[in-house]
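The values are calculated or read from the model by the stated rules, or taken from the named source; none is laboratory data. Since the model is a prediction, treat every value here as computed from it, not as a measurement. All Cβ positions, glycine included, derive from the backbone under ideal geometry; neighbour counts span all protein chains shown.
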Amino acid sequence: MDIGIVGLPNSGKTTIFNALTRGEVEPTTYASGRVEVHTAVVNVPDPRLDMLAQLIKPQKVTYAHITYHDIAGMPATSGALPPQLLNLIAPNDALVHVVRCFHNPSVPHPLGSVDPARDRRLLDEEFILSDLAIVEGRLERLAKQKYKGTPQEREHMAREEALLQKLHPVLAAGEPLRTVSLSEEEEKLIRSYAFLSLKPQLIVFNIDDEGDDPSEELTPPWPHTRGLALRGRLEMELAQMSPEEATEFMEMFDIEELGLNRVLRVSYELLDLISFFTISEKEVRAWTIRRGSTALEAAGTIHSDMARGFIRAEVIRWDELVRIGSLAEARKQGALRLEGKGYVVQDGDVLYIRFNV
Ligand SMILES: Nc1nc2c(ncn2[C@@H]2O[C@H](COP(=O)(O)OP(=O)(O)OP(=O)(O)O)[C@@H](O)[C@H]2O)c(=O)[nH]1
Ligand SMILES: [Mg+2]
């Protein structure tokens with residue numbers, strides 16, 4: 001899964017990126033204005049996987065992971081987003097939108113003052129306008145093309161046009177596409193446009209060490225939108241400490257949970273993701289899928305052959321397996337359930353896929 005970190009210049013994107021990835025990219029003290037991106041892969045900590053690994057003692061333990069991209073170069077004034085920037089934001093599954101709340105006279109704000117409500121709105125409006133331009137461009141082209149092509153192509157274009165006409169007034173009213181509830185089929189129809197205002201968004205309010213949490217007040221009530229406050233600079237320092245130092249520091253500042261773990265947890269909720277596990281002597285591994293995915297889809301996540309030759313899945317909850325001690329023993333006791341293609345995988349399931357290719 002890919003998450004893009006976006007925000008106005010000097011909002012603290014690189015600082016938050018470092019906090020989330022334990023990275024050491026130099027945060028700049030001036031708006032760079034250059035379009036650039038830093039990327040890092042982060043393991044998703046999972047005590048359930050740790051316990052399975054203790055039990056099985058495999059050669060290798062593989063955590064689920066999230067790839068974060070720190071995307072710099074957002075213009076601070078409204079206007080069309082440069083295509084180069086759009087191309088970097090569009091492929092992400094979700095966005096972390098960093099909003100500056102911290103005060104620091106040595107870090108200039110591109111608009112001259114710290115105003116998180118305004119900044120939050122500004123960037124969301126950019127995304128909405130960018131989507132609106134795509135919708136309008138496409139509607140114009142469809143109007144010219146719709147009498148061309150095979151009946152099938154025409155039918156497809158008619159459906160697309162109807163959907164875009166439904167989305168247009170939403171964007172024109174300044175609302176993001178996240179507020180529209182779309183059927184699976186509708187989602188598919190517009191997937192290739194990678195609309196920015198459709199992406200699930202986690203708004204990170206980057207607050208001072210002593211700042212209050214403004215997230216409740218400033219997070220818009222949109223679906224697939226969450227807000228949380230992070231003390232960016234402090235979290236970056238924490239992420240770069242040894243675990244012992246960090247624990248001591250967290251006690252001192254009364255911090256219950258590292259920001260990077262909070263962000264991971266909320267990202268999973270926001271994207272409606274769950275984990276399942278596979279185990280063997282070689283590897284104990286966590287996988288990420290959307291809630292509601294079937295055993296067949298889970299198999300496809302592991303390997304396309306497994307989905308193609310799917311016979312059945314043997315399933316057991318992770319804690320049940322830890323209690324029993326091994327897959328072989330669970331099988332003997334009849335504790336492994338046999339499930340077919342359509343079984344809806346549950347968070348924490350251990351799957352053993354039987355397949356034949
Ligand atoms: N006091 C304080 N300063 C911060 C905080 N977060 C970032 N800064 C400082 O603000 C400056 C800019 O931070 P960056 O993380 O580089 O911001 P950015 O959004 O990546 O900036 P660009 O990439 O240039 O758009 C740096 O000097 C940071 O040290 C914070 O939470 N508190
Ligand atoms: Mg930066």
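If we keep just the residues of the range 1-38 that are away from ligand 1 (no atom under 14 Å from the Cβ) and part of a strand (DSSP E or B), which is surrounded by the most Cβ atoms within 10 Å (Cβ to Cβ)?
Initially, the range 1-38 is screened for residues away from ligand 1 (no atom under 14 Å from the Cβ), giving 1-3, 22.
If we keep only those that are part of a strand (DSSP E or B) as well, we get 2-3.
On the way: ASP2: 13, ILE3: 23.
Here the residue is ILE3.
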First in the range 316-330 and touching a residue at least 12 places away in the same chain (Cβ under 8 Å) and under 18 Å from ASP46 (Cβ atoms), second anywhere and of a type in the set (D, E, K, R) and surrounded by 13 or more Cβ atoms within 10 Å (Cβ to Cβ), Cβ under 6 Å, 6 or more apart: TRP318/ARG48
Close pairs (6 angstrom Cβ cut-off, 6 or more residues apart or separate chains): under 19 Å from ILE3 (Cα atoms) and at pLDDT 75 or above in the range 67-81, exposed (fewer than 15 other Cβ atoms within 10 Å of the Cβ) and of a type outside the set (Val, Ile, Thr) anywhere: THR67/ASP2; ALA72/SER32; ALA72/GLU36; GLY73/ARG34
Conditions (1) more than 19 Å from the chain's Cα centre (by Cα); (2) touching a residue at least 12 places away in the same chain (Cβ under 8 Å); (3) surrounded by fewer than 18 Cβ atoms within 10 Å (Cβ to Cβ); number of the one not met by GLU185: (2)
Selection from the range 213-261 of residues that are under 25 Å from ASP46 (Cβ atoms), in contact with a Lys or Arg (Cβ under 6 Å, 6 or more places away or on another chain) and not hydrophobic (A, V, I, L, M, F, W, C): HIS224
Restricting the range 74-126 to residues that are within 23 Å of the chain's Cα centre (by Cα) and among the acidic types (Asp, Glu), the residue that is surrounded by the most Cβ atoms within 10 Å (Cβ to Cβ): ASP119
Matching residues in the range 331-357 - criterion: being among the aromatic types (Phe, Trp, Tyr) and touching a Leu at 6+ places or on another chain (Cβ under 7 Å): TYR352
